[in-house]
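Taken together, the values in this text are just the output of simple stated rules run on the coordinates, not laboratory data. All of these numbers come straight from a predicted model, not from anything done at the bench. A quick note on method: Cβ atoms are made from the backbone with ideal geometry, for glycine too, and the neighbour counts reach across all protein chains shown.
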Amino acid sequence: MRMIYLVLAHEGRPQLDALVERLAPAGGLDMVIVHADRRSDLWRSLREDPPPDTQRVEVIQNPVSVRWGHWSLQSAIILLIERAMEFEFDYAHLVSGSDWPVVSRQEIVRELDASQIPLCYIEAEFGREEERMQRFHIDARWLRPDPRREPLAYRFKPAIVRLSRWLDSARHRLLGDRSRPWGRWFKGETWWSLPCDALCVVAAELHGVTASGRLRGTYVCEEHVVQTIVAAKFPDRLADCRRYIDWVEGGDSPRVLGRGDREAIAESGAWFARKFALANDDFFLRLPPYS
């Protein structure tokens, strides 16, 4: 069985290099494809000093500048999927640069082989937070404005939010609801593990919805689009996404894990966990080997 790991990263070259070596060691079947945020120091590092073994690790050469909550993150995922479809593989795993495998590859393959049909390991909750996809957020580009790079947007953020809401209300009165290409929206974690046939369908659907411009003005659409496509096309093949993530109540980002989380991770049944940081606690480097 061949795996492809699609990695979204924006910082931490040493940790990314360690993740690549863990997921796709030399001499193995698997490969890694990396998208690095175009605005990041990581992208500059990868451009100037690319990974030498292109048979097992590729870097997307036309990355997008990613903004939190903006549809640019979904665009980065689309680039990864499109590149993956040029290779032969059995399963693709979407992970971040701060993820780490927490069980062995053999254990994952054993579970995949045990299923009578190729399952789609993805979180998909029906109807949750649909307003993210149904409103038109003109402020989507400035959800987290940088006071240094975007001083005007940072200064006028409250006014931009009010204007966005007013314009969306006017748009709704004139034009009604925004379209739902696959019916009601589903929501789930960004991260998933999908078989080749399902990802092929996802790729085709994403091409159409992107060309239509439907994702513009959405908010955190990477938690809705692929989830909805998979739930609509493969409702009888949905399975738990097998990720361990500890969300801080009310926070926008999950908690950084430490060695005190080792037992909870082991008991979770997850294949991957996030998020980890070398600067915080490097215990994850000493977890059992993946290969």
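Structure above, values below:
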{"read-out": "In Hz, Karplus ³J(HN,Hα) per residue of the range 63-68 (6.51, -1.76, 1.60; θ = phi - 60°; x = Gly, Pro)", "value": "x, 9, 7, 9, 10, 4"}
{"read-out": "Beta bridge orientation in the chain: antiparallel %, DSSP, nearest 5", "value": "30 percent"}
{"read-out": "Pairwise FRET efficiency - Glu107 versus Arg259, Cβ, R0 = 25 Å, nearest 0.05", "value": "0.70"}
{"read-out": "Choice from Arg44, Arg67, Arg173 with maximal GNM fluctuation in the chain (Cα, 10 Å cutoff)", "value": "Arg173"}
{"read-out": "Given charges at beta-carbon only (K, R positive; D, E negative), |dipole| of the range 156-231 in Debye", "value": "600 debye"}
{"read-out": "Compactness of the chain, expressed as Rg and Dmax over alpha-carbon positions, Å", "value": "19.3, 59"}
{"read-out": "Estimated vicinal HN-Hα couplings, Hz - the range 279-286 in sequence order (Karplus 6.51, -1.76, 1.60; Gly, Pro = x)", "value": "5, 8, 6, 8, 4, 5, 5, 9"}
{"read-out": "5 angstrom amide H check on Gly97, placed H, neighbours 5+ away", "value": "Leu8, Ala9, His10"}
{"read-out": "Alpha carbon centroid spacing (whole Å) that separates the range 34-83 from the range 206-271", "value": "19 Å"}
{"read-out": "Rounded to whole Å, sorted largest first: equivalent-ellipsoid semi-axes of the range 1-130, Cα gyration tensor", "value": "24, 21, 13"}
{"read-out": "For Val59, residues with placed amide H under 5 Å, excluding near neighbours", "value": "Val34"}
{"read-out": "Gaussian network model of the chain, Cα within-10 Å springs - most flexible of Gly176, Gly28, Gly258", "value": "Gly176"}
{"read-out": "For Tyr5, distant residues with modelled amide H under 5 Å away", "value": "Met31, Val32, Ile33, His93"}
{"read-out": "³J(HN,Hα), Karplus 6.51/-1.76/1.60, whole Hz, each residue of the range 183-193, x for Gly, Pro", "value": "x, 4, 7, 9, 9, x, 4, 4, 8, 8, 10"}
{"read-out": "Charged-residue dipole, Cβ positions (Lys, Arg, Asp, Glu), the chain about Cα centre, Debye nearest 20", "value": "1400 debye"}
{"read-out": "Sum of -39500 (n - 2.57) over DSSP H runs of 4+, divided by residues of the chain (222 nm, nearest 500)", "value": "-10500 deg cm²/dmol"}
